[in-house]
Amino acid sequence: MLFKKNVVIPEYYEFFNSVKIISGYKALETIPFELSRLGAKRPIIITDKGVAQAGLIKHVVDSFSGTDTVIGAVFDETPQDSSNVVVNQIASIYRANNCDSIIAVGGGSAIDTAKGVNIVITENSDDLLKFMGNYRLNKPMKPFVVIPTTAGTGSEVTMVAVIANPEKNVKMAFTSDLLLPKFAVLDPRMTASMPPKITAATGMDALTHAVEAFIGTQKNPVSDAFAAAAMELIRDNIKTAVTDGGNKDVRLAMANAALLAGLAFSNSMVGIVHATAHATGGVCHVPHGIANSILLPFGLEFYIGKSPKTKEYIESLLLHVAGPEVYVQTPSVERAAKAVTAIRNITGELNKLCGLPVRLSEAGVTEDKLESIAKTALNDGALSFSPVEVSFEEALGVLKAAY
Ligand SMILES: NC(=O)c1ccc[n+]([C@@H]2O[C@H](COP(=O)([O-])OP(=O)(O)OC[C@H]3O[C@@H](n4cnc5c(N)ncnc54)[C@H](O)[C@@H]3O)[C@@H](O)[C@H]2O)c1
Ligand SMILES: [Fe+2]
């Protein structure tokens with residue numbers, strides 16, 4: 001690797017993203033035009049109860065008034081930690097209503113479910129489980145639009161779907177560039193109703209994506225640029241998004257931050273924080289953003305103790321999570337620890353503002369589950385991209401520290 005200040009140019013890297021991004025205060029109104037350009041006339045809307053009850057589907061349906069596009073079906077029962085069973089059920093509804101395209105309206109749960117439905121429909125199958133893993137898909141997918149209503153997962157621009165397998169109590173990852181939607185629509189009307197704690201948790205998921213992308217084995221100058229911009233937007237906007245949810249500018253900033261972090265991590269991947277967070281979600285049903293928020297500082301401390309190279313990257317993080325003034329004032333030997341402190345300061349303030357948990361014990365995890373979580377984390381795909389190899393004892397150590 002060549003080094004020049006904070007910019008790392010790997011000997012080889014790839015970066016890919018094909019999603020058209022439409023962001024703005026009237027972004028929803030462009031959907032009918034964009035969809036008709038794809039030849040689609042009968043979309044299914046996939047969402048969940050919370051999003052529907054917040055009145056958000058109406059905004060989307062209204063954007064079609066006066067056009068010849070007909071909403072073929074609306075499925076609003078996507079559960080959190082949605083599963084292959086739900087995906088297969090929605091695929092039947094899609095077929096029964098002769099739909100020809102998919103609009104996901106929601107957070108990661110609805111978006112990833114929609115990605116799963118697209119797999120089952122495109123592959124003309126009845127069971128998602130047959131396609132688990134990396135790059136098992138070959139056919140061009142159905143026209144697919146994503147309207148995120150949380151500012152967190154970045155799933156609107158990621159090549160991955162995370163879907164639960166309730167039989168095995170694990171989260172399965174499906175990865176392919178074919179999963180990318182045709183376009184992602186960021187409109188602050190769609191996130192304004194997000195309650196404070198969900199705003200905080202999903203925002204911390206986005207921060208974790210940016211941080212893990214910035215220190216991961218596949219980091220590259222393109223993912224670094226997106227990750228750095230995401231961290232700075234989150235640093236400057238997450239608290240106001242929690243305290244003043246109706247602030248459209250702040251909501252648009254957070255939506256863009258989550259998207260930027262998604263662009264970064266979809267290419268440079270995540271590591272121990274996501275591996276342990278996925279496992280915490282699988283075993284104890286802790287929401288994804290909350291698990292990441294709790295585990296992020298502890299995962300970084302683990303890396304600092306294990307890898308001088310990763311420690312250097314964490315030192316650079318300080319610039320983005322705390323700002324240039326703090327960075328310049330902090331001696332280089334203290335920068336890595338200070339970056340972790342800066343992140344703890346953010347989660348500490350979110351804890352005061354909306355009760356976001358900072359310990360696993362506050363999030364419904366019991367101590368007897370930690371071993372099972374550690375065991376599950378070792379099989380999580382995210383660990384393949386960790387900059388440091390992680391043993392069972394080490395994963396358990398991180399979990400115990402965070403407990
Ligand atoms: N594919 C990826 O790249 C990726 C990345 C990270 C996480 N994930 C997955 O995403 C899922 C989590 O997604 P999430 O954190 O976005 O949460 P979520 O989709 O589970 O939503 C959380 C809750 O917020 C409510 N909600 C969402 N938007 C709202 C709004 N605007 N107003 C009112 N209520 C609203 C929902 O109804 C739900 O009850 C997990 O399954 C996780 O594994 C996927
Ligand atoms: Fe995540």
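The values are calculated or read from the model by the stated rules, or taken from the named source; none is laboratory data. Just so you know, these numbers come straight off a predicted model, no measurement behind them. Here Cβ is always computed from backbone atoms with ideal geometry, including for glycine, and neighbour counts include all displayed protein chains.
Numbers below:
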{"quantity": "Residue within segment 197-220 that is within 9 Å of ligand 1 (Cβ to nearest atom) and either within 22 Å of residue 35 (Cβ to Cβ) or assigned to a loop (DSSP other than H, G, I, E, B) (or both) present", "calculated": "no"}
{"quantity": "Which numbered condition residue 246 misses (of (1) within 14 Å of ligand 1 (Cβ to nearest atom); (2) surrounded by 24 or more Cβ atoms within 10 Å (Cβ to Cβ); (3) at pLDDT 95 or above)", "calculated": "(2)"}
{"quantity": "Hits in segment 299-312 (condition: more than 16 Å from ligand 2 (Cβ to nearest atom) and in a helix (DSSP H, G or I))", "calculated": "301, 302, 303, 304, 305, 306, 308, 309, 310, 311, 312"}
{"quantity": "Segment 71-87 residues that are under 19 Å from residue 98 (Cα atoms), paired with ones that are among the polar types (S, T, N, Q) and assigned to a helix (DSSP H, G or I) (beta carbon under 9 Å, 6 or more apart)", "calculated": "75/89; 75/113; 76/53; 86/113; 87/113"}
{"quantity": "Pair list, Cβ under 6 Å, 6 or more apart: segment 97-111 residue at pLDDT below 95, other residue within 16 Å of ligand 2 (Cβ to nearest atom)", "calculated": "108/153; 108/155; 109/80; 109/82"}
{"quantity": "Residue in segment 26-36 that is among the aromatic types (Phe, Trp, Tyr), within 30 Å of residue 248 (Cβ to Cβ) and modelled with pLDDT under 95 present", "calculated": "yes"}
{"quantity": "Among (1) more than 16 Å from ligand 1 (Cβ to nearest atom); (2) at negative phi - the single one residue 98 does not satisfy", "calculated": "(2)"}
{"quantity": "Some residue of segment 113-120 being within 16 Å of ligand 2 (Cβ to nearest atom) and out of contact with any Phe, Trp or Tyr (no Cβ under 6 Å at 6 or more places or on another chain)", "calculated": "yes"}
{"quantity": "The listed residue being aliphatic (A, V, I, L, M) and in contact with a Cys (Cβ under 6 Å, 6 or more places away or on another chain), out of 365, 358", "calculated": "365"}
{"quantity": "Checking residue 192 against (1) surrounded by fewer than 24 Cβ atoms within 10 Å (Cβ to Cβ); (2) touching a residue at least 40 places away in the same chain (Cβ under 8 Å); (3) closer than 30 Å to residue 120 by Cβ, the condition it does not meet", "calculated": "(3)"}
{"quantity": "Residue pairs meeting the criteria (Cβ under 8 Å; at least 6 apart or on separate chains; first in the same structural domain as residue 179 (by TED's automatic domain parsing), in segment 149-164; second acidic (Asp, Glu) and within 9 Å of ligand 2 (Cβ to nearest atom))", "calculated": "152/205; 153/205"}
{"quantity": "Breaking point among (1) at pLDDT 95 or above; (2) under 14 Å from the mean Cα position of the chain (by Cα); (3) under 30 Å from residue 309 (Cβ atoms), for residue 214", "calculated": "(2)"}
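The rows are residues; the columns are (1) more than 13 Å from ligand 1 (Cβ to nearest atom); (2) within 19 Å of the chain's Cα centre (by Cα).
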site: 273; (1), (2): no, yes
site: 280; (1), (2): no, yes
site: 287; (1), (2): no, yes
site: 291; (1), (2): no, yes
site: 295; (1), (2): yes, yes
site: 298; (1), (2): yes, no
site: 309; (1), (2): yes, no
site: 316; (1), (2): yes, no
site: 319; (1), (2): yes, no
